[in-house]
Every structure is written in structure tokens, then in C-alpha cells.
Amino acid sequence: MNKIKVIIVDDHELIVLAARQIFSKVPEIKLVGVANTGEEAYKKIKELKPDVVILDVILPGMDGIELTKKILAEQPSAKIVLHSSSVSEDMIVTGFEAGAMAYVPKNFKPGQLIEAIQTVVKGEHYSKGFVSEILIESFLKSKSKKDGYSGKLTERETEILQAITKGMTNQQLADNLHISVRTVEAHKSNIMKKLKINSTAELVVYAIKHKIVKI
């Protein structure tokens, strides 16, 4: 099994040490590099080509948002997990708009960081708890002056949308519904086309606005 190559970009030694200890207990994850500044990280990422970059938002010199854009412009397959000690709507939304796939606060629990890495390498966004609430609130604000979505979902599509909103992965969905992951992906694609939606975050918003699920 190929290991998930990870680089940590953070100028706080304790955060790096904590991440090292966490990764040392997870065989599928390999820490391939550490950087303290945006410029140093940019060079190492170009050289080492990690699968996932754990990236502090606030860095000396080039900040995490700017670095996210530069990394993805050259290595679009890289997955960015942002983290910071301060949390704001603007920071999280701007980070996701720049191409980040996840946000994990610096007071993370070990399981959160591992779950975020495992989620983004599948091409899925990781946004749970307060982060999901911030994204949903922001998205609702941006859509407040627009008409609602159009399109009717089948019973199975509605079931899948409800599960997606609860944070279930494609594999979990497939296992629960006794169908293949490919079938789940096809249903998800059809749902997005019907609703004219482009992201999982928007699917969550749709489900809440139309009372398919409750929060």
C-alpha cells in the first residue's frame, strides 16, 4: 500500500512535534518534510511532491492562503489542509475558495487531523462541526438574493443526499446501501446536475434549506 506523503508547514515547534507523534502511530501516513515559512514550504513542496500539505494560515512572509494558490497552480493534485489558532468566517471561506480541502484548528484532537488527511486524499472536503456551520452560513448569505434550486430527486437520491449531509463518505454510503462506490458517485453526480450544484458544501445547504435534513 502506498503511504500518504505529508508535509507540515508551521512555525510553532509544539504543533510540529504533536503532528509528528500522531503520524508515527499511523502506518499509512508518512511525514516527508517540515517547513517554517511559506517560501521554505514552497521549495520543499516542489521537490517532495506530497499528497497532503498541513498548512498554517498565518506564516512569516507568504501566508497560507497565498501559498495554497501557488501550490495548486503548479500541483493541482496536492490536497491542502489549513489550520490556525484563530477561527473566522472570512479565513475559512477564503481558504476553501483558494482551493483548500479541509480546515482543522490548532487545538485539534489526534483523530481530527488523521480523519482530515484520510478524507482529502479521497478528493472529499473535510468540514465538520463549527467549520460546517460557518460554511453553510456564508453560503446562505451569498445565495440570499437568488432563487431556490430547481429539480426533483428520486427516493434513492434523497436518501443519499441525507447521508452526505451527515458527513458519510462514499465508502460508508456504499456499505450502508449495499451498492458499489461507483454507483454512489454516479448518484451524487446526478444529484449535483439536477440541482445545479458544484460542491458538497452546497449540497448540505440545499438539504437544510429544503428541510431534507435538520440541524
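The values are calculated or read from the model by the stated rules, or taken from the named source; none is laboratory data. Source: prediction; values computed, not measured. In this analysis, Cβ positions are derived from the backbone assuming ideal geometry, glycine residues included, and neighbour counts consider all displayed protein chains.
Here LEU153 meets the list (1) surrounded by 14 or more Cβ atoms within 10 Å (Cβ to Cβ); (2) within 23 Å of the chain's Cα centre (by Cα) almost entirely, failing just condition (2). Of all the listed residues (GLU89, GLU13, GLU97), the sole one being surrounded by fewer than 22 Cβ atoms within 10 Å (Cβ to Cβ), at pLDDT below 90, in contact with a Ser or Thr (Cβ under 6 Å, 6 or more places away or on another chain) and not aromatic (Phe, Trp, Tyr) is GLU89. So, in region 48-58, of the ones that are touching a Gly at 6+ places or on another chain (Cβ under 8 Å) and surrounded by fewer than 22 Cβ atoms within 10 Å (Cβ to Cβ), which residue ends up farthest from VAL104 (Cα to Cα)? The selected residue is LEU48.
Considering the conditions (1) of a type in the set (Lys, Arg); (2) in contact (Cβ under 8 Å) with a residue 40 or more places away in the chain; (3) closer than 16 Å to GLN112 by Cα, LYS49 is excluded by exactly one of them, (3).
Could we say that SER142 is modelled with pLDDT under 85, more than 18 Å from the chain's Cα centre (by Cα), within 28 Å of ALA98 (Cβ to Cβ) and exposed (fewer than 15 other Cβ atoms within 10 Å of the Cβ) here? So SER142 fits the description; yes.
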